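The values are calculated or read from the model by the stated rules, or taken from the named source; none is laboratory data. For clarity, every value in this text was computed on a predicted model and none was experimentally measured. We place every Cβ from the backbone using ideal geometry, glycine too, and count neighbours over all the protein chains shown. Accessible surface is based on the protein model in full, side chains and every heavy atom, while ligands, DNA and RNA are left aside. Shrake-Rupley method; radii C 1.70, N 1.55, O 1.52, S 1.80 Å.
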Amino acid sequence: MAVERTFSIIKPDATARNLTGAINAMIEQGGLRIVAQKRLCISLPQARKFYAVHKERPFFNDLVDFMVSGPVVVQVLEGDNAIAKYRELMGATDPAKAAPGTIRKAHAKSIQENSVHGSDAPETAVKEIAQFFSDNEIVG
Ligand code: CMP
């Protein structure tokens, strides 16, 4: 199985409830390594760029407003099959549909305030990681 990297965001609803450590524990127990991490406030242009793929969706403005509403923790996660593994660990976008044992089942509040983001494909992961980290900040 290939060792991959994926990009993760612990979102403002989770940082507001002091859940960074609890989510990181689930990530590590799920078999992924946190090889880069920083806590920051995303700017409006950064959020609009990050979620540009959703710009025509009715929830776009609300989503961007939410992502700039408080601090986030951006991360690079590494492991075998990391992209699919993290998506499984996060659970469904809608926490009401998320499986037991997933991060969103345990912690998410709603479809929007769903605690975590993870890349959906290898090309997306490369782009998303590059938006927040330089190579020398990622230490595997
Ligand atoms: P994320 O994995 O970060 O990718 C896009 C985000 O858009 C998603 O998590 C949700 O936070 C948000 N989102 C997706 N669908 C909806 C929706 N129907 N209503 C509001 N927000 C949504």
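For this structure, a couple of remarks:
- Taking every DSSP helix (H) stretch of at least 4 residues in the chain, weighting each as -39,500 (n - 2.57) and dividing the sum by the residue count yields a mean residue ellipticity at 222 nm of -10500 deg cm²/dmol.
- Length released on extending from residue 22 to residue 38, taking residue separation times 0.36 nm less the Cα-Cα span: 4.2 nm
- Karplus-derived 3J(HN,Hα) values for segment 60-74, using 6.51 cos²θ - 1.76 cosθ + 1.60 with θ = phi - 60°, are 4, 5, 4, 4, 5, 4, 4, 5, 9, 7, x, x, 10, 10, 9 Hz; glycine and proline are entered as x.
- For trypsin sites (Lys or Arg not before Pro), the sites in segment 13-51 that DSSP calls loop and that have at most 13 other Cβ atoms within 10 Å are 17.
- Here the gap between residue 109 and residue 123, fully extended at 0.36 nm per residue and compared with their Cα-Cα distance, gives a gain of 2.2 nm.
- Computed label-point distance, nm, for sites residue 136 and residue 88 using a 7 Å Cα→Cβ extension: 3.7
- For residue 94, the accessible area of its heavy atoms, probed at 1.4 Å with every protein chain present, is near 40 square angstrom.
- For the pair residue 80 and residue 65, the difference between a 0.36 nm per residue extended length and the Cα-Cα distance amounts to 2.0 nm.
- Three-way shape label, segment 15-56, alpha-carbon gyration tensor, a/c 1.5: prolate
- Sulfur and carbon atoms: percent of accessible area, segment 61-140 [1.4 Å]: 50
- When each of 38/97; 11/109; 85/105; 49/109; 11/38 is checked by Cα-Cα distance, pairs over 19 Å: 38/97; 49/109
- Stokes-Einstein D in µm²/s, Kirkwood radius over Cα pairs - the chain at 4 °C with 1.567 mPa s viscosity: 86
- Percent breakdown of C-alpha pair distances by 10 Å bin, ordered from the shortest bin, for segment 62-114: 24, 44, 31, 1
- Per residue accessible area of the chain, 1.4 Å probe, in Å²: 52
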